[in-house]
Amino acid sequence: MELSIIIPIYNEEGNLSKLYDRISNVAQSLNVSYELIFINDGSFDNSLSIITTLANSDKHVKYINFSRNFGHQIAVTAGIDNCTGNAVAIIDADLQDPPELIGDLYHKMNEGYQVVYARRKSRSGESFMKKFTAKIFYRILAKITSIKIPIDTGDFRIMHRKIIDVLRLMPEQQKYLRGQIAWAGFKQTYIMYDRDERYAGETGYTYKKMIRFALDGITGFSNLPLKFATITGFIVSGVTFLVSLYALYSRFVSKDFVPGWTSLILAVLFIGGVQLICIGIIGEYMTRLSANVRKRPLYIVDESNIATKD
Ligand code: UDP
Ligand code: MG
């Protein structure tokens, strides 16, 4: 198998036939053996039946149907675990990522790269809030991580088998694939593209999912938040020590003291606030640690027409 194309699906009934046509055209024009792996991530529309119909009429079509919605990154992971191509592309199902670009990504990869990602020159049809928060987030993340996670880039990309082998070695539960791929190293490059509007349907990425995803990116690839807790902890302790020296001095030496309710309550509140922040940060890591200690399977396959590994 030369080319695997991984397509996560969450309620994409309006996009599937158009997507299938466009992707199949590209794959055929490349003149290589290929497979399309659809991962149905708990859609509650007609996506699954459209996919099974496609699979019945085209042997290039493989699918994995999750027992419920496990999230976009997990859906892509299932594709990564089960693909067989030398080159593996990931693409969204909503036609925001133009399938024709897979040809360009593939040719670029064959120039001797292991990863070619598609970087967004522009994005149409997305809310100001989404573009703004994404822009800020990717820049902050780039600042606080030691590895180079490309900015303005989603998961639309092509990867060499070597990268797939690395990804399969990373059992962590909180998948931030673009971080893991950057972490993997090898030769990586990008091409620029204009991101289209969603063809049909609505985004499956709610703000809740986006915030979770951003936290996974930060906690998975940066320890700065933990260091922040330690640093503020030291600063606050230092200040507290000086203030207590002063308090003891004014109480016992200068005997010039006022029952200082204001300063007291301010200090209590301040320290309380800092403690809460720190506990919160530690909590974020703890939840992730405990998830990994549990070693639950990342997803449960309901049915599939490929022999899945578990
Ligand atoms: N998706 C998924 N599971 C989810 C949410 C989304 O598999 O829980 C898929 C979705 O079908 C699409 C891709 O992930 O193929 C990107 O999602 P979407 O277009 O909703 O995100 P956006 O482009 O708005 O960030
Ligand atoms: Mg989209």
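Values quoted throughout were computed directly from the atomic coordinates according to the rules given, and no laboratory measurement underlies them. These figures come from a predicted structure and were not determined experimentally. Backbone-built Cβ (ideal geometry, glycine too); neighbour counts: all protein chains shown.
Observations
- For the range 33-180, relative contact order (Cα pairs under 8 Å, six or more residues apart, normalised by length) works out to 25 percent.
- Only the Cβ atoms of Lys and Arg (+1) and of Asp and Glu (-1) were treated as charged; on that basis the dipole of the range 15-89 about its Cα centre amounts to roughly 60 debye.
- Net lengthening on full extension, I211/T53 (0.36 nm per residue, minus Cα-Cα): 53.4 nm
- Placing R0 at 41 angstrom, the Cβ-Cβ distance between R294 and D45 gives a FRET efficiency of 0.85 after rounding to 0.05.
- Bins of 10 Å from zero: percent of alpha-carbon pairs in the range 224-278: 21, 44, 24, 10, 1
- Subset of K108/K148; K62/K135; K108/K208; K135/K209; K143/K208; K18/K130 violating a 28 Å alpha-carbon distance limit: K62/K135; K108/K208
- Among Y199, Y193, Y117, the order by Cβ neighbours within 10 angstrom, fewest to most, reads Y199, Y193, Y117.
- Inter-label distance, S67 to D256: 7.3 nm, where each label sits 7 Å from its Cα along the C-beta direction.
- Angle in degrees between helix 72-82 and the longest Cα principal axis of the chain, rounded to the nearest 10: 50
- Separation of the range 157-189 and the range 103-119, taken as the distance between their Cα centroids, equals 15 angstrom.
- Relative contact order of the chain, taken over Cα pairs closer than 8 Å and 6 or more residues apart, is 22 percent.
- Two-site label geometry, A307 and K130: point separation in nm, points 7 Å out along Cα→Cβ: 4.0
- Ordering Y10, L101, L245 by the projection of their Cα atoms onto the charge dipole of the chain, which places +1 on the Cβ of Lys and Arg and -1 on the Cβ of Asp and Glu, puts L245 at the extreme positive end.
- Cα-centre dipole for the range 172-310 with unit charges at Cβ (Lys and Arg positive, Asp and Glu negative), debye to 20: 400
- Packing-based exposure ordering (other Cβ within 10 Å, fewest first) of R157, R198: R198, R157
- Dipole-positive endmost among L269, P225, V32 within the chain (Cβ charges, Cα centre): L269
- Residues T219, T287 arranged by fewest to most Cβ contacts within 10 Å: T287, T219
- Restricting the range 43-97 to trypsin sites (Lys or Arg not before Pro) that sit in a DSSP loop and have at most 12 other Cβ atoms within 10 Å of their own Cβ leaves K59, R68.
- Charge dipole (debye, nearest 20) of the chain; +1 at Cβ of Lys and Arg, -1 at Cβ of Asp and Glu: 1340
- Cβ-defined net charge surrounding T189, 14 Å radius [Lys, Arg +1; Asp, Glu -1]: +3
- Folded to 0 to 90 degrees: helix 224-248 orientation relative to the chain principal axis, Cα: 10
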